[in-house]
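Here's the structure, in structure tokens; my notes come after.
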Number of protein chains: 2
Amino acid sequence: MPVQAKQPDLNIGHRLRAVRTQERLSQRELARRSGVTNGLISQIETNHSSPSVASLKRILDAIPMSLAEFFGPDSEDRGKICFRARELLEIDPRMVFRNAPQAASIALHQVGIGPNRMLQILHERYEPGADTGMEKYSHEGEEGGFVLSGWIELTVGDEVNELGPGDAYLFDSRIPHRFRNLRDEVCVLVSACTPPSF
Amino acid sequence: MPVQAKQPDLNIGHRLRAVRTQERLSQRELARRSGVTNGLISQIETNHSSPSVASLKRILDAIPMSLAEFFGPDSEDRGKICFRARELLEIDPRMVFRNAPQAASIALHQVGIGPNRMLQILHERYEPGADTGMEKYSHEGEEGGFVLSGWIELTVGDEVNELGPGDAYLFDSRIPHRFRNLRDEVCVLVSACTPPSF
DNA sequence: TAACCCCGTTTAAAATAGTAATCAACCTTG
DNA sequence: CAAGGTTGATTACTATTTTAAACGGGGTTA
């Protein structure tokens, strides 16, 4: 039986071993939980066999970890953890919303500084009349938020809604979208996107 | 040859057909570009065969699309975008914080339902004395949040901080962490993590 | 109608993934 | 040191994927 490395670029074996050991599981224990044999896990981790996605899913389900997570990018860096209210990074809205008619009346405060994060959290404040303009489309990922006070009109694709306190949103960043404050009252919200788009 | 559906839950076939047709490619054309046979693509799309990850990768490379993208949230699915305050999904804190001494006094409301999202946004409410317990370590990704009112003690690794209104945090989910409300006042915050861990 | 070109599906053979069992090596504990 | 437990790796054997080549259908053109 010739033994040969099958997928040098797609190192499933290394990744699987990494997640398994991080979970402090033995091959046998993971095999028991996932319903495959320990031999298979050994072969996968040593790249002696390239699993079917069905098998890989069964194994990851026992972690549990999604296939998307498994194939996703390794997060690496660390940095500051806590940020005081006045430490938040103020961001110029005109740098973000290029063609916004009323960008000046938007205040953005970002949690953390590094561009190397997977998650970007913003405190956003929209004065009456504030308008981001229709953003063509940003990068892959998702964007969501939670309205704290006031009202904001959110346009995503051809869907339009006005959200109030306690309301929230979540959408695919690739769809063109726009935020507008139509009311006389300031609107405040907390948003998050992944990965950072600016 | 008995024909049977193999993976009803993990509908690779449907997904692959979706991305292929969106690329305006025929099975044969995609087969030519990826180096597999058109028959295989047909069988995968009809769920008559469950591909190895190696095969799936070869096919996706010809799109091109990463495995993470492929298994990520459906780029096509019509997820809801806006969620009214009372539509938020209430989550049982005991399901999230397994060994929490005071999990019952934590209220969690999630934006969106699907487990297939890249971004999980939560509205969290900690009663006085609430405690998540030290979470051993969750999965890869980042976690961040923004304190709206009250005070919360956040322990990440060996770093301890108490955060108040306007303060925020952001850290690597793999580091053990804990939230505790030491005060007499309710603490409310909005958090986000990527990717979803539950 | 026939001849052609594309499409997606199906079929028998070849290649490979997956199983069950065994192996040697490493800890513990007595 | 020996017994009993664990670990990860390896081996024949079986089940499944994957290939290569057909099949049947729907257009277009002559």
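The values are calculated or read from the model by the stated rules, or taken from the named source; none is laboratory data. Note that this is a predicted model, so its numbers are computed, not measured. With ideal geometry, Cβ positions are generated from the backbone for all residues, glycine too; neighbour counts draw on all protein chains shown. SASA here: full protein model, heavy atoms, side chains in, ligands and nucleic acids out. Shrake-Rupley method; radii C 1.70, N 1.55, O 1.52, S 1.80 Å.
For the chain pair A and B, the buried solvent-accessible surface (1.4 Å probe, both sides summed) amounts to about 5400 Å².
If you take each beta carbon of peptide A:143-156 and count the beta carbons of other chains within 10 angstrom, what is the mean?
Mean shielding count: 3.
The calculated FRET efficiency for residue A:186 paired with residue B:184, based on their beta-carbon distance and R0 = 35 Å, is about 0.75. Taking label points 7 Å from Cα along the Cα-to-Cβ direction, residue B:105 and residue A:127 give a separation of 4.2 nm. To put it simply, the accessible area of the range B:143-198 at a 1.4 Å probe is 48 percent carbon and sulfur. Threshold 10 Å², probe 1.4 Å: give the residues of the range B:166-188, in number order, that are less accessible with all protein chains present than with their chain alone. At a threshold of 10 Å² (probe 1.4 Å), the residues of the range B:166-188 that become less exposed are B:166, B:167, B:168, B:169, B:170, B:171, B:172, B:174, B:175. Per the Debye formula on identical point scatterers at the alpha carbon atoms of the range B:12-71, with no solvent, log10 I(q)/I(0) at q = 0.16, 0.27 Å⁻¹ is -0.38, -1.28.
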